């Protein structure tokens, strides 16, 4: 990677953060163009899926533009959205710079495997969700990489190794999949609240928590036996590793900073996370290293290393804006004005995400297209919370079933297990049991939410 490659991508992230700070769509669009240039310049250094998705997105956009179906306003929005989602991942990914600085993260499995065996699954799931809320995809790298090292150090092989992988890593993956349901730092929440400015994370949280409880309960039921086998081979942790309190303090500072930003500005929680995470991380790194040059070099390297994931996010945003813009305004007319229609739309929205993910269309691409249709649905009378909750639930399921998704691919690579096994054999029964329960939860939501009434903020 050349010097230009390493610096242009972080520069694009910085420009987008400035654009957000000044609420400048035009500057955001410029940042989007720079992101696209960086990805095209990278060429074959991008993974094949990232490269193909980017080229398809640009080709589709160019086709609609050439046919006069895509106006300049939508083109600017597509570029601005691409910058936002790429910068969202890049800024939150800065937290990964902290991983190598704390012993507690290197010994995370010794920490999590303590206590009674019956609590291991929910502990792993909830802690994984908490870590992923801050580290995003870095959580999978952390847990998968450290488990591989743990198994190697202890000489655990054969069937025993497979039990460890299936129990520990699948619970981590399912914990990661809870992030869209409960965390303000989820890209799914960022997409939905960006398309519906009146929607907030707090509006989604109660319903997301209910869905998370369902998913934890199903996984707990299925994995108890395996976790009891794993627990017989664990090593007791005599004391908490050094730096534990310091790490918890840093995470607390991040969330307090986010809360302050939200309280003092009009920014959503997702935007506050984009501001708080890199700021706190950089300040800590400068304090520890006492060298601005070292910190800048490490930060630039970290952001540049995420070019594949950022390319996927940006391409999905472009494709979402382009496709949703050419769908006729009356295509969904009438469906949102009845309970039956609302139920159908919510179910289709929820199930389409995991179903399409199984054939290689990653969740963020599908969600980007769906989110582009939300303003039309709301105008037709659809309650925004109902459809938004359905989409985050679907996104969560898709994260576990997509063999091409980053989380499953990371688990497959570190665990040396085929991604088809992870997605379908390890998670197939889990999803089949969970889906009917989640559909029942959506039906209950229709009864709880005000019937056929759009929330008051829509009329403001």
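Values quoted throughout were computed directly from the atomic coordinates according to the rules given, and no laboratory measurement underlies them. Quantities reported herein were computed from a predicted structural model and do not represent experimental measurements. Ideal geometry is used to build each Cβ from the backbone, glycine not excepted, and the neighbour counts take in all protein chains shown.
In nm, give the distance between the simple-model label positions of residue 355 and residue 55, each being 7 Å from the Cα along the Cα-to-Cβ direction.
3.0
Give, in nm to one decimal, the length gained when the segment between residue 289 and residue 48 is fully stretched (0.36 nm per residue of separation minus the Cα-Cα distance).
83.1 nm
Given a Förster distance of 25 Å, report the FRET efficiency between residue 41 and residue 152 from their Cβ-Cβ distance, rounded to the nearest 0.05.
Calculated value: 0.10.
Using the scaling law 2.2 N^0.38 Å as the reference, what is the normalised Cα Rg of the chain?
In units of the globular-protein estimate, the chain measures up at 0.96.
For the pair residue 162 and residue 116, how long in nm is the line joining their label points, each one 7 Å along Cα→Cβ?
Here the modelled spin labels are 3.1 nm apart.
Between residue 300 and residue 228, what is the label-point separation in nm under the 7 Å Cα-to-beta-carbon projection?
Distance between the two pseudo-spin positions: 5.6 nm.
Beta carbons within 10 angstrom, averaged per residue: use that to sort the peptides 72-80, 19-27, highest first.
In decreasing order of mean packing, 72-80, 19-27 become 72-80, 19-27.
For residue 202 and residue 440, FRET efficiency with R0 = 30 Å and r from the beta-carbon atoms, rounded to 0.05?
E between residue 440 and residue 202, to the nearest 0.05, is 0.80.
Please give the peptides 384-395, 87-98 ranked by average Cβ packing (other Cβ atoms within 10 Å per residue), highest first, as a rough proxy for protection.
384-395, 87-98
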